[in-house]
Structures are given as C-alpha cells and as structure tokens.
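Okay, so here's the structure we're looking at.
The values are calculated or read from the model by the stated rules, or taken from the named source; none is laboratory data. A quick note: this is a predicted structure, and the numbers were derived from the prediction, not measured. Here the Cβ positions follow ideal geometry from the backbone for every residue, glycine too, while neighbour counts run over all protein chains shown. Heavy atoms of the whole protein, side chains included, go into the accessibility calculation; ligands, DNA and RNA do not. Shrake-Rupley method; radii C 1.70, N 1.55, O 1.52, S 1.80 Å.
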Amino acid sequence: MKHLLKVLAVLASCATPALAQPSSSSTAPQLNITTDAAMDMAHYAVGLAENRHLKLCIAVEDTDGNLVAFIRMQGAYAGCVEASIAKAKSAARFARNTIEFFDAVRTQNLPIGFVPGILPSAGGAVFKQGDVVVGSIGTSGDTNENEQALVVDTAKHFH
C-alpha cells in the first residue's frame, strides 16, 4: 500500500498543466458591441439619414452577425428590411465593409455572390474598437453611393 501511495504522489507531482482544468485566462473574451452602443449607432445613422433626406432600414449587429438593433425609418420600403440585415451580417461575419465584396465582383468578376453569407453590395460597414471589429451596420433603401457614405460616416462616429 505504501508503494501505491508513493506512485500516486509521484504521478501527481509530474502532472502537466495540459491535464489541468483550463483557467479563465486561457481563453480570450470576444469584444462585442453593447446593446446601448448599438442603439446609439442606429439612432446616429437615422439622424444622418434624415439630414440627407434618405428613408432607410438600418440594422446593427454584433461580431457574430446577430441582430442587436434595427430601425425601419418612416417611408422606408418593407423589402429593404432583410437586405439591411444581410449587409450587416455579411460585414460582421467577414470583418470587412461590404463594398470590398461589391468592388471585387464588379472589377474582378469574382463569383463572391455564391459564397454563403456574403452579400456583395454597398451599405455594410464594421465598427472597430482599435483594430478589433466589435459589430457592424447595414442599410438599405437608397442608392449604393448614399448607403455606403452613410455607413462609413456612422462607423467613423463609433467609439
């Protein structure tokens, strides 16, 4: 029995950290836009849209592409609801503004539109905290140029 206890003591002292329970410091938390910040950004975008006489659907999503805030402005087309959400989701999940996909399709004739989750269109932009994407915005209901300018200006306002 003494021999068994000695063996167990030796084994316990040689245990590697890889066998231990993972500590909370072994995982990095994912930064995400807060609900309050998402609502603030949606309202900021509405203010910009009103000043520019645009009637848009505006979606704000977290880094996983989940809807956090949504506003359909008075007079915005009902058909724009899903498009604004898809633009925000595409920007969030691929951590880049959707204009990059749009430009690649137009200039390089890339078949990006067939990749699930990518909407190659203007009107989707990411929000960053430093260099880290924390959320996104998508708009629909006007021209590519107007939508893109609005999301870029809204993203610049994010802090």
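Of the residues that make up the range 141-155, is at least one open to solvent by less than 30 Å² (accessible area, probe 1.4 Å), touching a strand residue (DSSP E or B) at 6+ places or on another chain (Cβ under 7 Å), in a strand (DSSP E or B) and in contact (Cβ under 8 Å) with a residue 40 or more places away in the chain? Show your work before the answer.
Of the residues in the range 141-155, the ones open to solvent by less than 30 Å² (accessible area, probe 1.4 Å) are 141, 147-148, 150-151, 154-155.
Add one more test, that the residue is touching a strand residue (DSSP E or B) at 6+ places or on another chain (Cβ under 7 Å), and what stays is 141, 147, 150-151, 154-155.
Adding the requirement that they be in a strand (DSSP E or B) leaves none.
Within the range 141-155 (the criterion being open to solvent by less than 30 Å² (accessible area, probe 1.4 Å), touching a strand residue (DSSP E or B) at 6+ places or on another chain (Cβ under 7 Å), in a strand (DSSP E or B) and in contact (Cβ under 8 Å) with a residue 40 or more places away in the chain), the answer is no, since none of the residues qualifies.
If you scan the range 95-150, which residues turn out to be within 15 Å of the chain's Cα centre (by Cα) and among the basic types (Lys, Arg)?
Correct list: ARG96, LYS128.
Out of everything in the range 22-34 that is touching a strand residue (DSSP E or B) at 6+ places or on another chain (Cβ under 7 Å) and modelled with pLDDT under 95, what residue ends up being least open to solvent (accessible area, probe 1.4 Å)?
Filtering the range 22-34 for residues touching a strand residue (DSSP E or B) at 6+ places or on another chain (Cβ under 7 Å) gives 31-33.
Narrowing the set further to residues that are modelled with pLDDT under 95 leaves 31-32.
Details: LEU31: 81, ASN32: 61 Å².
Among those that are touching a strand residue (DSSP E or B) at 6+ places or on another chain (Cβ under 7 Å) and modelled with pLDDT under 95, it is ASN32.
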